[in-house]
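The values are calculated or read from the model by the stated rules, or taken from the named source; none is laboratory data. Please read these numbers as outputs of a predicted model, since none were measured by experiment. So basically every Cβ, Gly included, is an ideal-geometry build from the backbone, and we count neighbours across all protein chains shown.
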């Protein structure tokens, strides 16, 4: 029988406030209200989150025990940031973004709901996405206006016209939607993990992957490589649903997810389409993202100290034009019918690669500390944590992913020992043990 989250004495009101803040924050993320630039109305809840964390009994001790790796990353990145402050306080912005994400992660790691309440919140989010997706299908064949899709006129006249209309929910960006969708599945994960699937008939359990296949349709319509995050969570559920404890099955699923990630990465490195009829079959012209990534790689590799301490945000903008290759940019943008963006591409672009982004901002030590945090969390808990962690590390190859609010909420829920988000406790073994359990 499921044990409810219990909080006694003076902590009861604090826990209730935390729960209300959590629900309100998630709702505001799903229907974002922009205040200025990238600042959302939901961001004003972060000081409240921080206060509830500080007021929790024993939280300071938890910082050194439970969140040490994250603290090391923040400390090393702050030290690197201080070396670039001569360029102005703008250098603090990127560090403050990661500090914000750390607060969100710790808050959702500490807030407690019964697992069925997590399931209800996840179901509401997924159901809202499904309703909007059905509406968008109807709008494509009727006179109804479209409200939940992202349109790109330039893609309609390229070899990839399917990218001209992509489902984006309420978030205006299909890539952000894909991360949000993974968060919705992660919210439901605590309940999925607590179900006794062996008590259900095989006929009922076979129904689960069919439902998940339907849930993949909005992700497919978004045409976002970030769909790998949700796909990874779904795959992690399969051994549990079908009560298969063999390590080989979990290894096979994980290898399949990594294979999908490799195919996605090929489309990042190369223009890929249209496919050729002879080896290597893909169009090996540099992809749009690889233009930025190769520029950052050349910039960082040119001086050893840049790799060690980074360039800072201002330094990256100043150095970028010196390391870009205009001829490659022109050839690729012509293939994508995007020459109006030529000026932006040779002036400055974000790397669309979290590893290069961290190296440029904070240098190698901070980057390794950040990687250590994600690898440590993914490898020491449960199968969902492992699959999700690997998916995150893969998606970081094609986006500055770790500045996304949704990813840290999802990580807080997935990177928990079994039942911990419901107020219980539990631990698991290392990653290889995980593959044969749960």
Options 45, 40, 26; residue that is more than 20 Å from the chain's Cα centre (by Cα) and either surrounded by fewer than 18 Cβ atoms within 10 Å (Cβ to Cβ) or under 17 Å from residue 404 (Cβ atoms) (or both): 45
With the checklist (1) within 26 Å of the chain's Cα centre (by Cα); (2) crowded, with 16+ Cβ neighbours inside 10 Å; (3) outside any loop (DSSP other than H, G, I, E, B) in hand, flag the one item residue 349 doesn't pass. (3)
Qualifying residues in segment 361-413 (those that are outside any helix (DSSP H, G or I) and without any contact (Cβ under 8 Å) to a residue 60 or more places away in the chain) - the one surrounded by the most Cβ atoms within 10 Å (Cβ to Cβ): 381
I'm trying to understand the selection: among the residues of segment 88-109, which are crowded, with 19+ Cβ neighbours inside 10 Å and at pLDDT below 90? 91
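Can you name every residue in segment 329-344 that is in a helix (DSSP H, G or I), crowded, with 17+ Cβ neighbours inside 10 Å and in contact with a helix residue (DSSP H, G or I) (Cβ under 8 Å, 6 or more places away or on another chain)?
329, 332, 333
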Considering only segment 110-127, state which residues are part of a helix (DSSP H, G or I) and either in contact with a helix residue (DSSP H, G or I) (Cβ under 7 Å, 6 or more places away or on another chain) or surrounded by 18 or more Cβ atoms within 10 Å (Cβ to Cβ) (or both). 110, 115, 116, 117, 118, 119, 121, 122, 123, 125, 126
List the pairs whose first member sits in segment 112-127 and is on the phi > 0 side of the Ramachandran plot and at pLDDT below 90, whose second member is assigned to a loop (DSSP other than H, G, I, E, B) and surrounded by 19 or more Cβ atoms within 10 Å (Cβ to Cβ), and whose Cβ atoms are under 8 Å apart, counting only residues at least 6 apart or on separate chains? none
Counting only residues that are surrounded by fewer than 20 Cβ atoms within 10 Å (Cβ to Cβ) and in a loop (DSSP other than H, G, I, E, B), which one in segment 278-297 is nearest to the chain's Cα centre (by Cα)? 282
All-but-one check, residue 252 against (1) assigned to a helix (DSSP H, G or I); (2) buried (at least 18 other Cβ atoms within 10 Å of the Cβ), failing number (2)
I'd like to know if segment 298-316 contains one or more residues that are touching a residue at least 12 places away in the same chain (Cβ under 8 Å), at positive phi and assigned to a helix (DSSP H, G or I). yes
Among the residues of segment 130-183, how many are assigned to a helix (DSSP H, G or I) and modelled with pLDDT of 85 or more? 22
Identify the residue in segment 11-60 that is in contact with a strand residue (DSSP E or B) (Cβ under 8 Å, 6 or more places away or on another chain) and not in a helix (DSSP H, G or I) and, among all such residues, is nearest to residue 118 (Cα to Cα). 32
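Does segment 265-282 include one or more residues that are modelled with pLDDT of 90 or more, touching a helix residue (DSSP H, G or I) at 6+ places or on another chain (Cβ under 7 Å) and under 14 Å from residue 395 (Cα atoms)?
yes
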Residue 371 passes all but one of (1) at pLDDT 95 or above; (2) closer than 21 Å to residue 121 by Cβ; which number fails? (2)
Looking at (1) in a helix (DSSP H, G or I); (2) in contact with a strand residue (DSSP E or B) (Cβ under 8 Å, 6 or more places away or on another chain); (3) modelled with pLDDT under 95; (4) crowded, with 24+ Cβ neighbours inside 10 Å, find the lone condition where residue 221 falls short. (4)
Restricting the first residue to segment 232-251 and requiring it to be within 25 Å of residue 395 (Cα to Cα), which pairs with a second residue that is assigned to a loop (DSSP other than H, G, I, E, B) and modelled with pLDDT under 90 meet a Cβ separation below 6 Å and a spacing of at least six or different chains? 240/438
